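K.L.:
The structure that follows is given in the form of structure tokens.
The values are calculated or read from the model by the stated rules, or taken from the named source; none is laboratory data. For clarity, every value in this text was computed on a predicted model and none was experimentally measured. Here Cβ is always computed from backbone atoms with ideal geometry, including for glycine, and neighbour counts include all displayed protein chains. With ligands, DNA and RNA removed, areas are computed over all heavy atoms of the protein, side chains included. Shrake-Rupley method; radii C 1.70, N 1.55, O 1.52, S 1.80 Å.
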Amino acid sequence: WKHMDSCSARAMEDRLASMVPDWDHAHRDGRDFLKARARLPIRVFHHAMGHVSKCAQAASAQFWQGLRVAFVDGTTTSMPRTEENVAAFGTSRNQHGCSHFPLLRVLLISCAGTFFDVAFGPYTASEARLWIILLLRLPSNMLVIGDTTFCSYMALCLARQRESHLIAPLHSGRRKDTRIEILGKNDELHRWPRPRSVHVLYPRVLATVPETIDVRIIHASIQRKGYRDYSITLCTTLLDPRLHPADDIVQLYLQRWNIEVDIRSLKAVHGLEHLTAKSPQIIIREMYSAILAFNCSRALMAQSGASVYSLSHHRCTSLLLDMACQMSQAR
């Protein structure tokens, strides 16, 4: 509720007290909520986030060739400057010096407009490092779409080990002499060798992946009315050009902007532009609470029968809050 309305703990308890008469004699200064949140295990937040996401996926999950389409992207958020937060998460640094506020790095995977998994880390932790953590628990039968950061040898291998697939732009520094077959116009099959352990983030995980992997490289020119034309090179583990046409893969990748919209709504509507907790343990709980609030709104939008991206997330959340008092009186 706190992140549904982006309110303080005291205001949240006042709102609940107006709905439940027995709360008139409670201490409505926010302490009860803060103490209860600190005691709640993090695994409960993680399970609730995944459960609500599954409800939304059951109503409006996007499938392509029998695979559930998902998107991955990362962001950062600031928090109060306390000794514990600075020690746990660190600050950013540039030519002007260090930032005042500590920063938390967050990596999220979305499906059906809801986030079903998340990884947290300090600001110095790269998105590629957090991505390996999410890949190790990625569900099967998924088609994950990301940007250049998520296209690596280990990521492609781990996605296939999880019986899922990956689409991402090819890094410009990747070797170009690995082609083994031409599948069509601007469509090639490459065989990548396993990198050395000094070039990967998790050397122990590297030993569990094969020595080579076949990947498909697609070159495409994007032409959209009202936008400047540009070229893109995609890498994917979908190798069959007949079952997975190159044009369809390119159109799927162009939907990656959906997760950018999701993260913007998560930060703007649910109060994640700047966190308020003063300890690392509560910071993580606050993040999960906001993601859970976002998922609840999106699950209700998905169950309405319309596409979640054809509705206003802010307006749907406002309507949900307006109806909450009546919902509390329902059987």
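K.L.:
For the chain, rounded, prolate or oblate, judged on the Cα gyration tensor with a ≥ b ≥ c (square roots of eigenvalues), a/c < 1.5 rounded, else prolate if a/b > b/c? Provide the component values of the computation, followed by the final result.
P.N.:
Working: a/c = 2.29, a/b = 1.63, b/c = 1.40.
Taking the square roots of the gyration eigenvalues as a ≥ b ≥ c, the chain is prolate.
K.L.:
Using a probe radius of 1.4 Å on heavy atoms only, what accessible surface per residue do you get for the chain? Whole Å² is fine. All intermediate terms of the calculation are to be shown ahead of the outcome.
P.N.:
On the way: 17390 Å² over 331 residues.
Per residue, the chain has 53 Å² of solvent-accessible surface.
K.L.:
Near K54, which lysines are there with a Cα under 28 Å away, not counting those fewer than 8 places off in the same chain?
P.N.:
The qualifying lysines are K2, K267.
K.L.:
Determine which lysines satisfy two conditions relative to K176: a Cα distance under 18 Å, and not lying fewer than 8 residues away in the same chain.
P.N.:
Excluding near neighbours in sequence, the set is K185.
K.L.:
Let me ask you something else. Mean Kyte-Doolittle hydropathy of -0.5 or higher plus an axial Cα length of 20 Å or more: which whole DSSP H helices in the chain meet both?
P.N.:
42-60, 280-303, 313-329
K.L.:
Sticking with this structure for a sec: Only loop residues by DSSP count here, and only those with at most 11 other Cβ atoms within 10 Å; note down the trypsin sites (Lys or Arg not before Pro) in region 216-311 that meet that. It would help to have the intermediate numbers written out before the result.
P.N.:
On the way: sites: R216, R224, K225, R228, R242, R256, R264, K267, K278, R285, R298; in loops: R224, K225, R228, R242, K278.
Of the trypsin sites (Lys or Arg not before Pro), the ones in loops of region 216-311 whose Cβ has at most 11 other Cβ atoms within 10 Å are R224, K225, R228, R242.
K.L.:
A further question on this structure: Under the rule that an exposed site lies in a DSSP loop and has at most 15 other Cβ atoms within 10 Å, name the longest stretch of the chain with no GluC sites (Glu not before Pro) of that kind, not counting the sites themselves.
P.N.:
Values: sites that count: E163, E211, E273.
The longest uninterrupted stretch comes out as 1-162.
K.L.:
Hey, another quick one. Checking the a/c ratio against 1.5 first, then a/b against b/c, what shape does the Cα gyration tensor give for region 69-145?
P.N.:
Details: a/c = 2.62, a/b = 2.57, b/c = 1.02.
Prolate is the answer for region 69-145, as a/c is 1.5 or above and a/b outweighs b/c.
K.L.:
Could you work out the local net charge near S289, counting Lys and Arg as +1, Asp and Glu as -1, over the other residues with Cβ closer than 11 Å to its Cβ?
P.N.:
Charge balance near S289 sits at +2.
K.L.:
Taking all protein chains as present, what is the carbon and sulfur share of the accessible area of the chain, in % to the nearest whole number, probe 1.4 Å?
P.N.:
On the way: 9020 of 17390 Å².
Ligands and nucleic acids excluded, carbon and sulfur reach 52 percent.
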